[in-house]
1. Give, to the nearest whole percent, the P(r) tail of segment 398-491 beyond 21 angstrom, counting all Cα pairs.
2. Bin by bin, in steps of 5 Å, what percent of the Cα pairs in segment 450-536 do you find, going until the bin that has the longest distance?
3. At 7 Å along Cα-to-Cβ for each site, give me the label-to-label distance between residue 53 and residue 388 in nm.
4. With +1 assigned to the C-beta of every Lys and Arg and -1 to the C-beta of every Asp and Glu, and no other charges, what is the dipole magnitude of the chain about the Cα centre in debye, to the nearest 20?
5. Taking the Kirkwood radius as the inverse of the mean 1/r across Cα pairs, report the Rg/Rh of the chain.
6. How large is Rg over Rh for segment 1-158, taking Rg from the Cα atoms and Rh as the Kirkwood inverse mean of 1/r across Cα pairs?
7. If I fit a long axis through the Cα atoms of helix 292-309 and take the longest principal axis of the Cα atoms of the chain, what angle between them do I get, 0 to 90°, rounded to 10?
8. So for segment 76-148, Kirkwood radius off the Cα pairs, Stokes-Einstein at 4 °C and 1.567 mPa s: how many µm² s⁻¹?
Amino acid sequence: MKKYSLLKVLGICFFVFIVLTFIIPTGTFSSGALTVGSTDPVGFFEWFSAPMNTLTTYGMYGIIFLLIGGLYGVLNKTGVYTKLVDDVKKKMEGKEKKFLTISILVFAILASLTGLNVALFVLVPFMAAVVLRLGFNKVTALLSTVGAMLVGTIGSTYGFNVCGYINYYFNLNVHNAILIKLGFLLVLVIFYNYMVCKNAKLEKVTKKAAKKEPVKEVATKKKEVETKKEEKKESKKTVKAEPKKTAKKTTKKTTNKKNTKKKNTMNEEVKDDVLVVPLYKETETKKKKSTMPMIVIGLIAFVFILVGMYNWKYAFGVEMFEKSYESMMAVNVNGYPLMQNILGYVNPIGYFTVSELATILILVALLIGWIYNLKFREILDGFVEGMKEMLPTAFYVTIANVIMAVIAGSSTGGNIFFTMSDWLLNLTKGFNAITTALVGALGGLFYNDMPYVVNSLADTFVAKYTNSGIYPLIGLILQSMHGLVMMLVPTSMILIGGLSYLNVSYKEWFKNIWKLLLGLLLISVIAIVILFFIVK
């Protein structure tokens, strides 16, 4: 059952949601006012149809993760990816914890600036591979990559999928409370990095084959091997004559093996953590090939993805990309729309979706395979192998949206989250930071995507609290509480993707994260209190 532990946890969350739909009536917001309807329970047949509908509605996210696996499958086929990972490992040997800090900074800062966590996951397999090759366990690899990404989301500064939507719906300036946000992010990252590096332990496995032995010892060992072979031949001859005795001997040996396995389980777990690296194969190439083309193509593609998926117009008012796109598509040759027909329909930079991301991943895989002289069949084989390895992760990433799919697909437009959030907000007459924080956390339980939370609640907050001076505070509360919940609940798409990818159980994750979460919560409360006194 351990193999399906993540599915079990997701099932429990879905079951709790089903029970709540039988108890709590649905509600709909109109101009900030709640209209309470009747209960809209998730019936028996919907227990099975809802996950199926989730796979079809949110399947594109799973496809993205499959394509990430395919890309790394092609990288492994080149043999150069192995060299790249090992080169980084060699450079960081003796400075292992510095690499953890680098990884945490990269993911936290990029997540804070962009909010594009799905796109940032493209970098996770490489960074996790280096962390594991350095000798850290899987939990440390998860904390230094996916965990750091989620910390950056809590301390979002210019991330469009977080702050961008808050600024848009609350009509705030892009730089609102930026000094507080930067300080908040800085303290979050310092604390998180300190805790991760403090608890991270190197568990290196020494290879017996690497030890050099004297010539005499080698000769004696050869003799021992030869004598053992002769003994095996003789024992095979006597098997038919003495079946009972041999059976007893074999049972003793197997029991001894079982006992030794039980005693050495911790060591075996360490070996798995260190040596079993997802989407990484130790392959050697006959010819020495440079890693530089792979690095250059990878960096250009990664930057292009982030630039293309970040909405520059609504974040900073930059319209350069849209204007250049329009002028490019307007190119005609004797009235024939040349560029439009060659490129087909594609969104301009700043409006890239997961569809453009998928296309870029495929093109990068083909380009790298071509540059490193791989045959098309080799590229295809590597791509399929990588996708197969990523298949469970793709499934969990998709099915993690099951609760949000049920809420978003409501025929009445109402849901129990609206009813619960309205009840919390009406516990006090005026604005209350605690109830707002509870609403933000509750939103994380139902929506694993911040834009949905802001879109659902913005009109209500604006209608209830006419003082626009507190809107930056509301935004900080919502983003921090929602981000904290995303580090905890299994319905968090990025979290469960990381858990599945690195084969870490939810129980193991919770054991390693709860103290960190308390610290991050305390830092969030302090930042909220400081901003509260500023806006007051």
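We did not get these values from a lab; they are worked out from the coordinates using the rules stated. If you're wondering where the values come from, they're calculated on a predicted model, not measured in any experiment. In this analysis, Cβ positions are derived from the backbone assuming ideal geometry, glycine residues included, and neighbour counts consider all displayed protein chains.
1. Of all Cα-Cα pairs in segment 398-491, 29 percent lie more than 21 Å apart.
2. Bins of 5 Å from zero give 3, 12, 19, 18, 17, 13, 9, 6, 3, 0 percent of pairs.
3. Each label point is offset 7 Å from its Cα along the Cβ direction, giving 3.5 nm.
4. Using Cβ point charges on Lys, Arg, Asp and Glu, the chain gives about 4300 debye.
5. My calculation of the ratio gives 1.05.
6. My calculation of the ratio gives 1.10.
7. Here the helix axis deviates by roughly 30 degrees.
8. Numbers: Rh = 12.5 Å.
The diffusion coefficient I find is 103 µm²/s.
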